[in-house]
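All remarks here apply to the structure that follows.
What follows is calculated from the coordinates using simple rules that are stated; it is not laboratory data. Bear in mind that the values here come from a model prediction, so they are computed numbers and not experimental data. Please note: Cβ atoms are built from the backbone with ideal geometry, for glycine as well, and neighbour counts cover all protein chains shown.
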Amino acid sequence: MWKKSKLKLLSVVLLTASMLVTACSKNNNGSGSSQSASPSPTASGTASASASADPSPSAPAEKQPFTFTMNTDNPNMNWSSDVAKEITKRTGATIKWDIITGDFRTKMNVWLAAGDYPEVINIHDNTLQSYIQAKAVLDLTDLIKEHAPNIMKAYHNDLSLLQDSNDGKIYGLLQPPTDKVVDLTQKGWIAIQSAVLKDAGYPQIKTLDDVRKIVADYMKKNPEIGGGKTIGFSNFGEANQLFNNFDSAARQYAGFANTSGYYVDDQWNARYRFFEPGYTDFFKFLNQINKEGLFDPESLVQTQDQFTTKCNQGRVLVIFGGGMDCNASLESNNMADHSYVWFDIVAPGKTKTVATPEKEARRGGEMWLSITKNAKDPVRIIEFYDDMFKLENQILVGWGFEGKHYTIENGKRVVTDWLVDQYKTHPDTFWEDVGLGYARQMSTNYGAGFTLSDGDFAMWQFSESWIQKTTSPVVVETLAKYGAKTQADLLVKGVERKYPRTAGKGTDEMKKFNTEAIAEWGKTLPKFILEKDPSKLDGIWQGLEKTLKDKGLDKVNETATKIFQDAAKEQNL
Amino acid sequence: MLLHRTAGERIFDVILYVLLAVAALTTVYPFIYLLIISLNETSDALKGGLYLFPRKFTLDNYAYVFENDKLARAALNSVLRTVIHTVLTVFCCGMLAYVLSRRTFIFRKQFSFILIITMYVSGGLIPTYLLMRNLGLTNTFLVYIIPGLVSAFYVFVMRTFFEQLPDGLVESAHIDGANDFRVYTQIILWISLPVVSTVALYAAVGAWNAWFDNYLYNSRNEKLAVLQYELQKMIQTVETTNTEAGDSMGRRIISPLTIKSTLTILVTVPILLVYPFLQKYFVQGMTLGAMKD
């Protein structure tokens with residue numbers, strides 16, 4: 001009986017297995033045919049390449065209309081704006097968007113497996129690696145050299161920035177380098193409510209003690225704001241945000257440059273900055289003001305939402321460590337007088353070191369723009385991007401139309417009030433509606449403060465005029481009291497130093513150690529700040545140093561040093 | 001009867017009611033909370049402290065959601081897929097369950113075994129995608145219906161119910177000349193309304209909430225977008241808007257907090273309306289089971 005049923009079971013399993021096999025083989029046939037079909041687009045691509053090579057001398061032939069597909073993670077992306085129409089007019093190209101809503105990388109990987117990707121892809125660095133391994137993206141080296149003089153010019157005839165580290169081929173475009181960076185969006189790390197400054201009569205803010213004094217005075221006068229208890233210094237520190245916000249504040253107060261987690265000295269020796277002299281100064285300050293009731297101990301644990309709620313109520317007098325203020329929300333709640341202004345403070349006796357701003361795209365950070373095997377006419381696509389690298393087209397993408405989006409005053413592009421108004425009335429679909437949301441897809445997503453070859457800002461949102469026209473009157477008034485026009489003017493002038501690029505060079509061992517180090521750091525910091533006896537503070541921090549040394553701190557420092565020194569040598573620093 | 005209850009019984013009842021009330025409140029309150037947030041002015045809601053009533057009542061959040069002109073079509077798609085999917089799924093799962101419940105069917109155990117496998121092992125994301133693509137189902141409405149036609153779980157739920165029905169019922173119908181299809185459609189389905197409605201409810205809720213198949217298979221055909229997908233887009237928009245915020249003055253405040261609450265209320269209410277119509281069958285199901293044997 002048992003045997004019989006087993007036999008039956010076996011037969012059923014076999015039957016289904018055979019069905020599966022046939023199904024799979026059909027499947028294989030399917031993909032086989034699609035595979036055998038896939039060379040044909042490339043064949044036709046080369047055919048059209050040779051075809052387009054003939055009429056290429058006659059310029060008008062290039063403007064023939066053509067359409068290609070491209071992915072985007074922007075659900076509101078369109079090709080119906082005036083800017084898009086103008087791009088089509090100038091280049092002949094129309095982009096059909098393949099919108100990804102939901103998990104971007106998953107969809108990219110599913111597409112890769114199925115060979116279903118669009119003709120041009122906007123892709124993260126690590127996903128691009130999978131595409132390269134699967135040979136799904138084209139090598140652009142020759143295409144650029146033969147068909148894209150403007151791209152060559154934008155990269156100063158040096159395409160090494162784009163080369164793949166494994167085989168030296170070029171699989172994608174990044175935003176081109178710039179000659180000059182004027183970053184007006186930069187701001188200090190400690191935000192103080194305008195109301196507090198006004199109440200104190202706009203005193204000089206040079207040290208943390210200056211801040212402590214005015215906050216203490218204000219709290220004494222206003223124990224409550226909007227029905228809730230007034231809070232002195234706050235931010236959010238849930239999970240890894242604790243490190244992000246508190247470390248950032250400590251680093252900037254100590255004057256260290258932003259070189260990942262390390263302090264890098266003159267000989268390119270890299271060390272975890274936790275134990276550099278001056279690093280704990282800010283935490284010591286927090287320890288002191290905690291006893292005075294000026295520190296919000298919930299900062300150590302609260303989520304961003306919890307913090308933002310307090311901030312929106314106007315109760316937080318000082319935000320430290322960076323992140324976002326809540327000025328827009330305060331204004332709509334009629335509490336604009338509580339708007340924040342960001343100050344930059346460096347510990348007495350310390351010099352601020354600033355890393356020279358990068359003038360080119362961050363490899364590994366920015367998204368690539370790649371042409372896939374599915375492209376029907378790669379030559380035409382690269383010609384389109386070459387067109388987009390022309391100055392007048394970059395202005396179109398970054399600024400829109402003169403007269404409508406911007407005007408020229410004293411030789412500088414200035415955003416119009418119409419544009420500002422559009423932004424205020426519907427900020428959610430503003431970029432797409434006015435047609436200024438194509439920069440990333442045109443590979444001209446210039447970083448903050450990047451300039452074009454005409455010396456003016458590449459993008460409207462980083463320009464002086466935009467920042468001035470959208471800063472609230474209260475902030476403008478407060479800034480004026482300190483002789484500043486933008487938040488960037490309040491920055492302490494530091495010593496600039498060029499650091500080697502080391503992005504993506506960390507080893508797995510370093511990453512693992514870093515995670516552990518941050519976890520230990522996160523356990524130690526609350527003890528440090530909440531400690532009642534100031535004489536014990538140094539001991540607590542030394543405990544952390546000992547723990548990390550046991551976990552291999554010295555070795556990681558050595559590896560990091562080697563990476564920095566090698567990179568410095570490579571980049572002739 | 002009430003008079004004869006002892007003090008202990010009464011205390012027990014009180015405790016029971018209190019516990020049930022707490023349980024009910026904890027399930028209902030999240031919805032009430034979302035309702036309050038969605039009916040409150042956005043910038044005011046960001047200040048927190050909303051617990052029982054909206055502080056500044058407004059319908060702006062709903063107005064914002066309805067500004068989206070794609071919603072009508074997406075809602076229609078959602079309703080269509082829910083209705084068609086529910087009807088077909090119940091019918092198909094029932095059909096298989098009926099066959100598997102017949103003791104005269106030789107391979108019932110083996111088929112059940114194969115079905116069970118599908119409950120534990122899935123094809124994986126990429127193979128499933130390839131299958132759908134090679135079947136020509138991507139970017140079609142059918143991909144909302146066909147892959148989910150038969151679910152092992154529903155089949156087993158229905159089979160268990162059908163097995164409890166007296167064999168005589170089917171036999172007598174056979175004697176009267178009805179074939180199995182007729183027995184299933186004209187007798188079995190109708191006396192099994194409790195289980196039919198249970199499965200229908202599961203299927204309907206599942207189909208209504210589904211958006212992943214839209215994301216995976218149908219992203220290239222805008223006309224096939226379902227409601228949940230459009231709403232997902234909206235949340236994505238609002239969230240990116242929020243991170244771009246900065247301190248620009250006088251900006252219209254659009255916050256994920258209120259928009260998400262509004263959307264949750266909007267998509268939950270239609271499917272909630274299905275429950276009262278099906279609930280009586282659940283109750284009936286219990287009594288039906290009790291009266292057997």
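Peptide A:326-336 is shielded by partner chain Cβ atoms: per residue, an average of 6 of them sit within 10 Å of its Cβ. The listed peptides A:428-439, A:140-151, B:163-174, ordered by packing as a protection proxy, come out as A:428-439, A:140-151, B:163-174 (highest mean of other Cβ atoms within 10 Å first).
GNM remark for chain B: springs join alpha carbons under 10 Å apart, and the peak mean-square fluctuation among B:Ala74, B:Ala203, B:Ala23 falls on B:Ala23. Listed from fewest to most Cβ neighbours within 10 Å, the set A:Met324, A:Met108 follows the order A:Met324, A:Met108. Fewest neighbouring Cβ atoms within 10 Å first, the residues B:Tyr129, A:Tyr117, B:Tyr275, A:Tyr218 line up as B:Tyr275, B:Tyr129, A:Tyr218, A:Tyr117. Going by neighbour counts of Cβ atoms within 10 Å, the residues B:Val90, B:Val157 line up, fewest first, as B:Val157, B:Val90.
Amide hydrogen proximity for A:Phe295: with H placed 1.01 Å from N in the peptide plane, the residues at 5 or more positions away or on another chain lying under 5 Å are A:Phe233, A:Asn290. Summary of packing: across the peptides A:472-479, A:382-389, the per-residue average of other C-beta atoms within 10 Å ranks them, highest first, as A:382-389, A:472-479. Peptide B:123-133 is shielded by partner chain Cβ atoms: per residue, an average of 4 of them sit within 10 Å of its Cβ.
Other residues with beta-carbon under 14 Å from the beta-carbon of B:Arg103 carry, at +1 per Lys or Arg and -1 per Asp or Glu, a net charge of 0. Taking the DSSP bridge list for the protein assembly as shown and keeping only pairs wholly inside it, about 65 percent are antiparallel. Taking the alpha-carbon distance from A:Lys107 and a cut-off under 20 Å, which lysines remain once sequence neighbours fewer than 8 residues away in the same chain are dropped? The reachable lysines, counting only those whose Cα sits under 20 Å from A:Lys107, are A:Lys96, A:Lys135, A:Lys373, B:Lys223, B:Lys233. Of all lysines in the structure, those lying under 20 Å Cα to Cα from A:Lys546, and not within fewer than 8 positions of it along the same chain, are A:Lys284, A:Lys511, A:Lys512, A:Lys523, A:Lys527, A:Lys536, A:Lys555.
Counting Cβ atoms of other protein chains within 10 Å of each residue's Cβ and taking the mean over peptide B:101-111 gives 2.
Peptides B:98-106, B:227-235 ranked from most to least packed by the mean count of surrounding Cβ atoms within 10 Å: B:227-235, B:98-106. For trypsin sites (Lys or Arg not before Pro), the sites in the range A:75-139 that DSSP calls loop and that have at most 15 other Cβ atoms within 10 Å are A:Lys135. A Förster radius of 25 Å combined with the Cβ-Cβ distance from B:Leu135 to B:Phe277 puts the calculated FRET efficiency at roughly 0.10. The sum of -39500 (n - 2.57) across all DSSP H runs of n ≥ 4, divided by the residue count of the protein assembly as shown, sets its helix-only mean residue ellipticity at 222 nm to -16500 deg cm²/dmol. Summary of the geometry: the range B:24-82 and the range A:433-490, compared by the centres of their Cα atoms, lie 35 Å apart.
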